[in-house]
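*Asks:* Before anything else, here's the structure in question.
No lab work stands behind these numbers, since they all come straight from the coordinates. Treat the numbers as computed from the prediction; the structure is a model and nothing was measured. Quick reminder, even Gly has a Cβ in these numbers, built from the backbone with ideal geometry, and neighbours come from all protein chains shown.
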């Protein structure tokens with residue numbers, strides 16, 4: 001029942017709210033965790049981070065990033081997670097407004113400060129889905 005891996009992948013992404021973001025500079029990798037909302041209609045992970053953070057500085061210099069969302073479990077048969085690659089960007093204009101609305105709907109407490117919103121548009125996602133059988137991998141690649 002994996003004819004439509006993107007449905008299983010986006011369903012998993014929607015159920016979670018924290019991803020690990022991987023950036024790099026001068027061949028030195030770095031990771032951080034961020035709250036996110038996924039806007040499926042635009043294929044965007046949206047998150048907030050202030051200017052001056054290490055990962056924002058590294059995204060500005062090298063917008064190609066990677067990330068992961070994982071279900072925490074010790075039960076091997078329930079392991080699920082996604083790894084993705086894509087391009088990061090600072091949001092502005094109409095896209096910022098749409099993303100801001102979606103972000104505040106998921107995280108209302110974020111409305112107490114001015115948000116700097118970023119996006120990652122994934123071009124590749126791989127999901128490990130052990131509920132479909134040990135070691136099952138589903139992949140999605142952006143169509144050219």
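*Asks:* At 0.36 nm per residue, and after removing the present C-alpha to C-alpha distance, how many nm does the segment from residue 35 to residue 7 gain when stretched out fully?
*Replies:* On the way: separation 28, 0.36 × 28 = 10.08 nm, distance 2.15 nm.
Using 0.36 nm per residue and subtracting the Cα-Cα distance, I get 7.9 nm.
*Asks:* A further question on this structure: Run the simple label-point estimate for residue 105 and residue 14 please: 7 Å along Cα→C-beta, distance reported in nm.
*Replies:* Between residue 105 and residue 14, the label points sit 1.1 nm apart.
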